[in-house]
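These notes are about the structure you will find just below.
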Amino acid sequence: MSRKSISYPQQIEALSSISRAISSDLYLEDILRLIVTVSAQVLKSKICSLMLIDQKTGKLVIRATQSVSEEYNKKPPLRIGEGIVGKVARENRPRVVFNIAKEKEYKYKNVVKKEGLCSLLSVPLAVKGKVIGVINNYTSFPHRFSKTEINILTTVANQAAIVIENANLLVQSKIIKEELETRKLLERAKGILMKEKGLSEKTAFRKIQKSSMNLRKSMRDIAEAIILTFEVRK
């Protein structure tokens, strides 16, 4: 089965849509969903999925897809180097498969058969040479992906990788900031207990820690309560 090649205006519109989403105030999950939806529309794919490497397990897990197929969406995670998609992540280069039903390396033949999937274009998501995931496009008919199509999905993957990395950095920055604020509050609360109760630094810390465990509240909450009580009495 043949299909018309992607026109230049279609390419520009697709990439523009994704660029607008990246620079918007949308949540990361919404941006990822838009990326797979636009990619599927432009490449006329039956299924487009975006998989990311889980930091805890080191495996590729599906984070976004426009597919309504429960069979596909519930596929188990892949190890790096496992199957076609796992090798794309390991080797950091695109992979094209004309007929995945006949490809020995493809892991989920049951999904291929049930969903009527045929050709696959899989492209790595990488930031500064480090692979963080993979984006996959499946057609429902035999198709030889052109160089233009590979380049488009590679561009999309690069944009997706940047927004994901920026989101991760933002989260890390927020965690570090919260940890510093918590440390300052604990130091201040300890100082209050040392001055008001005549406790040593070690004993003051243990008192906060014990209160946290007994009341099932965070040490930050206990520290804030100590500081608030002290300021009210002033």
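None of the figures in this text is laboratory data; all of them are computed from the coordinates on show. All figures in this text were calculated on a predicted structure; none of them were measured in a lab. Cβ: placed from backbone, ideal geometry, glycine included. Neighbour counts: every protein chain shown.
Some notes on this structure:
- In order along segment 121-130, phi translates into HN-Hα couplings of 10, 10, 10, x, 9, 9, 10, 6, x, 9 Hz, rounded to whole numbers, per the Karplus curve 6.51 cos²θ - 1.76 cosθ + 1.60 with θ = phi - 60° and x for Gly and Pro.
- Amide H contacts for LEU199 (H built 1.01 Å from N in the peptide plane; partners 5 or more residues away or on another chain; cut-off under 5 Å): MET194.
- Taking Lys and Arg as +1 and Asp and Glu as -1, the other residues whose beta-carbon sits under 15 Å from that of THR154 total +1.
- In order along segment 181-198, phi translates into HN-Hα couplings of 5, 5, 4, 5, 5, 5, 4, 5, 5, 4, x, 5, 5, 5, 6, 7, 9, x Hz, rounded to whole numbers, per the Karplus curve 6.51 cos²θ - 1.76 cosθ + 1.60 with θ = phi - 60° and x for Gly and Pro.
- The magnitude of the dipole of the chain, with charges of +1 and -1 set on the Cβ of Lys/Arg and Asp/Glu and taken from the Cα centre, is near 720 debye.
- Cross-link table LYS59/LYS210; LYS102/LYS147; LYS87/LYS113; LYS87/LYS177; LYS75/LYS177, entries beyond 30 Å C-alpha to C-alpha: LYS59/LYS210; LYS87/LYS177; LYS75/LYS177
- Only aspartates and glutamates eight or more places from LYS44 in sequence, or on another chain, were considered; those with a Cα closer than 18 Å are GLU13, GLU115, GLU149.
- Order of CYS48, CYS118 under a 10 Å beta carbon neighbour criterion, fewest first: CYS118, CYS48
- Farthest toward the positive end of the dipole of segment 176-233, out of LEU185, THR203, ALA223, is the Cα of THR203, where the dipole comes from beta carbon charges about the Cα centre.
- Cα shape, segment 70-121, gyration tensor, a/c 1.5 rule: oblate
- Classification of segment 176-233 by its C-alpha gyration tensor yields a rounded form. The axis ratio a/c (a ≥ b ≥ c) stays under 1.5.
- Under 18 Å from LYS207, Cα to Cα: lysines that are on another chain or at least 8 residues apart: LYS184, LYS190, LYS195, LYS197, LYS217
- Highest-fluctuation residue, ALA160, ALA223, ALA101 considered, GNM on the chain with Cα pairs under 10 Å: ALA223
- For segment 176-233, a simple Cβ point-charge model (Lys and Arg +1, Asp and Glu -1, everything else neutral) yields a dipole of about 260 debye relative to the Cα centre.
- Furthest towards positive pole of dipole, THR155, MET213, LEU117, structure part the chain, Cβ charges: MET213
- 3J(HN,Hα) from dihedral phi, segment 221-226, Karplus parametrisation 6.51/-1.76/1.60, rounded to Hz, x for glycine, proline: 4, 5, 4, 5, 5, 5
- Angle between the chain longest axis and helix 28-43 axis [Cα atoms, degrees, rounded to 10]: 0
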